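One structure below.
The values are calculated or read from the model by the stated rules, or taken from the named source; none is laboratory data. Fair warning: this is a prediction, and the values are worked out from it, not measured in the lab. So basically every Cβ, Gly included, is an ideal-geometry build from the backbone, and we count neighbours across all protein chains shown.
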Amino acid sequence: MERPEPESLRKLVALLRPSVRNRGDRRSFVRLAVGDLPTLEGLDWESSDETFFTNLVDCLSDYGRMSSGQEALWMLLDYVKSKSGEDSKKRIDKLWAEMTNSQTLISGARYQDLYALTVQIRHPETNQVVGVGVLIQNRIVTCGDVVRAAGNDQLSFDKSIHIFLPKSVGSRERLRAATVETLVRHHEDEIVVLQLLGDSLPGTVHAQISSASDSRGHKFQTYGYVGAHDLPNDYANGEILGYAGLDLEVDCVLLRPDDGEIIHLGMRGACVLDLNQDKVVGILLRPLRDRRAAAVDAHIVNLEPLKSILNSGKGVL
């Protein structure tokens, strides 16, 4: 795997340092975590904490995958997790997801890349992030609240909004314009399908979607922003509770975040990944404290019915 970016490396070293208080314990610590790897022979076991853990991370990153199929660096972190409290475990999971631009949980398995699927939606005058959308079939799906916050108050078909594409699209022009192609008004929170103006995005990663009908009790992960501005990005994890029991043509699904996890305002429009089946099953409509279900912090729209909508062309459904 690629070596971590400087900020991720700094966080990694900070997480690893408390694991080995004495320099004399370093060899046994590393051996218990990853075994005797040839790549570790050049380590200076007596160097400062900062130097030692930085070099250790570099060595394991360069080594890549073990015979088990897991990344060597992940095996080190997984061992640290086994000796850590719940707070440290969550910090490790979140940092690993940030480092790999992928969702890597306890098993070390790799899932759809939420970062690569997520498009920033920005206000055309301030250029501030007001929410996000998800790339599906060369279009962007988001919710009406986000499009309104981006300056299109009436959800008009002829008024463009600004979007910022992830690095994964491989395009120099990441700041692009998009217009409303299809509007789904079957819910108090409209679902909006945006069409990019200009060239299409060949080779872009698109969400692999599925129905949320079998997702009750599954774990989820979502990705967006801490606030509705250019604030830090963040992941949120939790459980998919199931359908809200409302009579809606677009199914509403309830989410419950894990303890300490927050579904932020800046996550509106974000895709929700069912980690049990590795499929995107919905988009986040709004953070809320739902009156109908205790401890529910958000609801999403089931994406499966949108497959036909995406191919329907411009209009209101």
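Number of residues in the stretch 1-51 that are under 17 Å from Asp78 (Cα atoms) and either among the polar types (S, T, N, Q) or exposed (fewer than 11 other Cβ atoms within 10 Å of the Cβ) (or both) equals 4.
Mind checking which residues of the stretch 188-207 are more than 24 Å from the chain's Cα centre (by Cα) and either of a type in the set (S, T, N, Q) or modelled with pLDDT of 75 or more (or both)? The answer is Leu197, Gly198.
Taking each residue of the stretch 127-147 that is at positive phi and looking for partners that are surrounded by fewer than 23 Cβ atoms within 10 Å (Cβ to Cβ) and of a type in the set (Val, Ile, Thr) with beta-carbon atoms closer than 9 Å, six or more apart or interchain, yields Asn138/Thr204.
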